[in-house]
1. So if I check each of 69, 143, 147, 62, which one is surrounded by fewer than 18 Cβ atoms within 10 Å (Cβ to Cβ), over 12 Å from residue 42 (Cα atoms), in contact (Cβ under 8 Å) with a residue 60 or more places away in the chain and more than 13 Å from the chain's Cα centre (by Cα)?
2. Mind listing whichever residues of the range 98-113 are within 16 Å of residue 81 (Cβ to Cβ) and surrounded by fewer than 19 Cβ atoms within 10 Å (Cβ to Cβ)?
3. Could you please find all residues in the range 34-59 being surrounded by 17 or more Cβ atoms within 10 Å (Cβ to Cβ) and either more than 18 Å from the chain's Cα centre (by Cα) or at positive phi (or both)?
């Protein structure tokens, strides 16, 4: 029972269930919104500004190679293109998806998670590691910093 401006309202079990259902849906949709926000915000052209090593291969197999001033494009079809500074080479193209605060780079038959440490209109920072064929490779943490290219 609730009192509002001298009026008494009685909530039934159905009313309480409806209110709780709306609350749960709101919480769930708010969680989904971060993924959608990250997906929309990451789209566009980026320039590598800093890497933990030069050149940096995300996959450990000389693929997804980045170097200083490499250009990276994320499009609305969930494709990532990496353009090296040598303009004569064709870009490397990978599919990706955003899941919470991770960019999952789809490589061969598995996904490589890159944790999004920072994402704003102008900056993108990611970190990855913990995979490879040897213990030494699995201990390496790779950091990437990119700046949005203004059109």
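Rule-based calculations on the coordinates, nothing more; no lab input. No experiment lies behind these values; they were computed from the predicted model shown. Backbone-built Cβ (ideal geometry, glycine too); neighbour counts: all protein chains shown.
1. Numbers: 69 fails: in contact (Cβ under 8 Å) with a residue 60 or more places away in the chain; 147 fails: over 12 Å from residue 42 (Cα atoms); 62 fails: in contact (Cβ under 8 Å) with a residue 60 or more places away in the chain.
None of the others qualify; the one that does is 143.
2. 106, 107
3. 44, 56
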